[in-house]
1. Between a first residue in segment 37-54 that is more than 13 Å from Cys6 (Cα to Cα) and a second residue that is surrounded by 17 or more Cβ atoms within 10 Å (Cβ to Cβ) and among the polar types (S, T, N, Q), which pairs have beta carbons less than 6 Å apart while being 6 or more apart in sequence or on different chains?
2. If I ask for residues that are under 12 Å from the mean Cα position of the chain (by Cα) and open to solvent by 40 Å² or more (accessible area, probe 1.4 Å), which ones from segment 31-49 would you list?
3. Can you pull out every residue in segment 18-30 that is under 12 Å from Ala64 (Cα atoms) and open to solvent by 100 Å² or more (accessible area, probe 1.4 Å)?
Amino acid sequence: MNLRQCEQVARWVREGRRVAVATIVETKGSTPRKPGTSMLISDRLELYGTIGGGCVEADVIFAAREVLR
């Protein structure tokens, strides 16, 4: 996570929200984002950052929602 993401996590936590962090750890072939890229998902499904969009990001958001329950 970068400094801005850390600040956003701190903000959401101060507001009493739960937060999931999704981080790309490995890629294959051509990808819009590289390993180390992170996205934050709040329990209200607010997003901060992106891991590349599309179907993969939608799947990650769905999984984060389940984890945050």
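The values are calculated or read from the model by the stated rules, or taken from the named source; none is laboratory data. Only a predicted model underlies this, so the values are computations on that prediction, with no experimental measurement involved. Cβ coordinates were reconstructed from backbone atoms using ideal geometry, including for glycine residues, and neighbour counts include every protein chain displayed. Remember, those area values only see protein heavy atoms, side chains included, never the ligands or the DNA or RNA. Shrake-Rupley method; radii C 1.70, N 1.55, O 1.52, S 1.80 Å.
1. Ile51/Thr37
2. Gly36, Asp43, Leu45, Glu46, Leu47, Tyr48, Gly49
3. Arg18
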